[in-house]
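Colleague: Here it is, the structure, as structure tokens.
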Amino acid sequence: MANQIDQKMIHDQEPMAEIMPNVITAMSSLLQRVSETNDDLSRPFREQQRISAFNALTKPSISIRSYMERIFKYADCSDSCYIVAYIYLDRFIQKQPFLPIDSFNVHRLIITSVLVSAKFMDDLCYNNAFYAKVGGITTEEMNLLELDFLFGIGFQLNVTVSTYNDYCSSLQREMVMRTMYSPLLEPSFLVKSFHRNLLMHLFDEDSLSIHRNNQVTTAV
């Protein structure tokens, strides 16, 4: 019951739809910064890093911002889902310190965190096959990533209103101060030091638009 109340209160505080692109810009800016930082720091230790299904063999060519804008365009998530996905990413890195976010895993972590958030937060959401198509991976990979992510955060999906507001404030500060760097603004995954076939599918915009109409599922 408490979980339902928290979800309802979070939905009631959702930002206006027109500012959502700013939220995506802030999130992509933060994730881009930490990915590049961890790329440099982790290079000497890459052989020691944990092998994970989230790691791509090469860096995806699509930018983090373009990738998030694509998800926003097609997934039809509630605005709060992106904030909660941001929180889940932080929880994942706190619990998986040997798998810091870098350019090799950030895209898969993003699509998986949004999928898990949408299933938890929204009454209706697209199924894994649709998210896989949006994210440029196979349905089998999407299923595996979802399971790995859930275990990675210890199935801790509930987000209190105070936690939600704290992360909203962090993103709001990022919107204002994107050109400045301060560790005080960052959640834990942005201060972790040092540390793969993603997005190999061509994105077919027309088929995706048709496909999405048949892929809505009721969140459990």
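The values are calculated or read from the model by the stated rules, or taken from the named source; none is laboratory data. Nothing here was measured: the structure is a model prediction, and the numbers come from that model. When we count neighbours, we look across all protein chains shown, and the Cβ atoms used for this are built from the backbone with ideal geometry, even at glycine. Keep in mind that these areas ignore ligands, DNA and RNA; they rest on the heavy atoms of the full protein, side chains included. Shrake-Rupley method; radii C 1.70, N 1.55, O 1.52, S 1.80 Å.
Colleague: Just how much of residue 36 is accessible, in Å², when a 1.4 Å probe is used and the result is rounded to the nearest 10?
Modeller: 90 Å²
Colleague: OK, next. Ignoring ligands and nucleic acids, what accessible area does residue 98 show with a 1.4 Å probe (Å², nearest 10)?
Modeller: Here the accessible area works out near 130 Å².
Colleague: While we're looking at this one, here's another question. Using a 1.4 Å probe and ignoring any ligands, DNA or RNA, find the accessible area of residue 142 and quote it in Å² to the nearest 10.
Modeller: Rounded to the nearest 10, that gives 0 Å².
Colleague: Sticking with this one: Residue farthest toward the positive end of the dipole of region 56-187, with Cβ of Lys/Arg at +1 and Asp/Glu at -1: which of 61, 129, 89?
Modeller: 61
Colleague: What pairs in 59/119; 73/119; 59/133 have C-alpha atoms more than 23 Å from each other?
Modeller: Numbers: 59/119 28 Å; 73/119 17 Å; 59/133 19 Å.
As for pairs spanning more than 23 Å Cα to Cα, those are 59/119.
Colleague: Still on this structure, I have one more. Order these peptides, 60-69, 80-89, by their mean beta-carbon neighbour count within 10 angstrom, highest first.
Modeller: 80-89, 60-69
Colleague: Which translational diffusion coefficient, to the nearest whole µm²/s, is obtained for region 32-166 from the Stokes-Einstein equation, given a Kirkwood hydrodynamic radius over C-alpha pairs, 4 °C and 1.567 mPa s? Kindly include the intermediate steps, with their values, before the conclusion.
Modeller: Working: Rh = 15.2 Å.
Rounded to a whole number, D works out at 85 µm²/s.
Colleague: State the three equivalent ellipsoid semi-axes of region 96-151, derived from the C-alpha gyration tensor as the square roots of 5 times its eigenvalues, in descending order and whole Å.
Modeller: Numbers: eigenvalues 73, 35, 19 Å².
In descending order the semi-axes read 19, 13, 10 Å.
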